[in-house]
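Below is one structure, written out as structure tokens; comments come after it.
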Amino acid sequence: MTKLALISGGGPLPVEVAAYLARTHRPYTVIRIDGLSDPALDAHPGHTLGLSDVLQLFTVLSNEQVKAVCMCGYVKRPDFTALDAAKVGDGLSAIQSASRGGDDKLLRQVAGVIEAQGYTIEGAHEANPDLLIGGGLQAGPQPTPEQMEDAHEAMRVATAIGALDIGQAVVVAGHVTLAVEAQEGTQAMLARVATLPHTLRGTHEARKGALAKIAKPIQDLRLDMPAIGLQTVEDVAAAGLAGIVGNAGNLLDKPGVYARAAELGIFIHGDHGQA
């Protein structure tokens, strides 16, 4: 097996990938981002670098003799105008230019800089196939026809905003679009939904509507695949929604997510036929 470098942003996703690599005995090293990566990653072999230490990153990759790189976890956008060319190297101008676009454009440029050095990019779902959402009902109660209509409409709207590189998530209830995700992220979007009148979004006793979290049509899934975790389930439940639907995505702590969804009465549905 080729040795993998896991560049770990924040959140639980890099922890799950690292644990899988260790469990399956694949050679790997973790590149922890200083002040961002989960402390649980300290137990894995690796190095800690600053977000802008691109040249040092390539030195580490060379010394570790890795062949592939996986980038996962959230990273807050830095002030690209303040990056030090002595640390970033020749790719600085291209990265600064890409930073003026959406996340997908920026991630593609960063990946291009890494690939130009001869490394293969792997997605988190390729490094840890256990993360992938399956097709059909995965957890929770069987959705009603009305709830699935909302789920499909949410996926349609999410596909439209994704084509514009805006976001990955949409909430629809009663055939009305309640919210679309932009730079605030899914959790903040769901918090907004939770402030809407119950007549729009349902209640804990009479849930309606769905969150769609899907891959953008233009998205390189190696770089940024939608992720659903325990927090997503909790936020969907708090907003009075009935469920979650996706056509591609990483499920974090899959057994825990499925169990909590069933406990709260939230359906999770994989719909790979929708685009």
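The values are calculated or read from the model by the stated rules, or taken from the named source; none is laboratory data. Please read all numbers here as calculations on a predicted model, not as lab measurements. We place every Cβ from the backbone using ideal geometry, glycine too, and count neighbours over all the protein chains shown. Just the protein is used for accessible areas: all its heavy atoms, side chains included, with ligands, DNA and RNA removed. Shrake-Rupley method; radii C 1.70, N 1.55, O 1.52, S 1.80 Å.
A 1.4 Å probe run over the chain, with the rest of the protein chains in place, finds 44 Å² accessible per residue.
Cα-based radius of gyration for the stretch 166-226, normalised by 2.2 N^0.38 Å, reads 1.22. Once the C-beta distance of A191 and D42 is scaled by a Förster radius of 35 Å, the resulting FRET efficiency is 0.70 to the nearest 0.05.
Expressed as a whole number of Å, what is the distance separating the alpha-carbon centroids of the stretch 1-79 and the stretch 214-230? If we compute the Cα centre of each part, the gap is 19 Å.
Quarter the surface of the alpha carbon convex hull of the chain and you get the mean projected area, 14.1 square nanometres. Of the GluC sites (Glu not before Pro) found in the stretch 133-208, the ones in coil according to DSSP and having at most 11 other Cβ atoms within 10 Å of their Cβ are E205. Put simply, when 258-267, 207-216, 124-133, 193-202 are sorted by average Cβ atoms within 10 angstrom per residue, most first, you get 207-216, 124-133, 258-267, 193-202. The calculated FRET efficiency for F58 paired with A182, based on their beta-carbon distance and R0 = 30 Å, is about 0.35. Net charge near N247, counting Lys/Arg +1 and Asp/Glu -1 over other residues with Cβ under 13 Å of its Cβ? With Lys, Arg at +1 and Asp, Glu at -1, the net is +2. Partner aspartates and glutamates whose Cα lies under 19 Å from the Cα of K67, excluding those fewer than 8 positions away in the same chain, are identified as E115, E122, E126.
In this structure the amide hydrogen of I121, modeled in the peptide plane, comes within under 5 Å of the amide hydrogens of V69, none closer than 5 places in sequence on its chain. I want to verify a result. In a Gaussian network model of the chain, Cα cutoff 10 Å, which of these has the top mean-square fluctuation: S37, S62, S52? Among S37, S62, S52, the largest mean-square fluctuation in the Gaussian network model of the chain belongs to S62.
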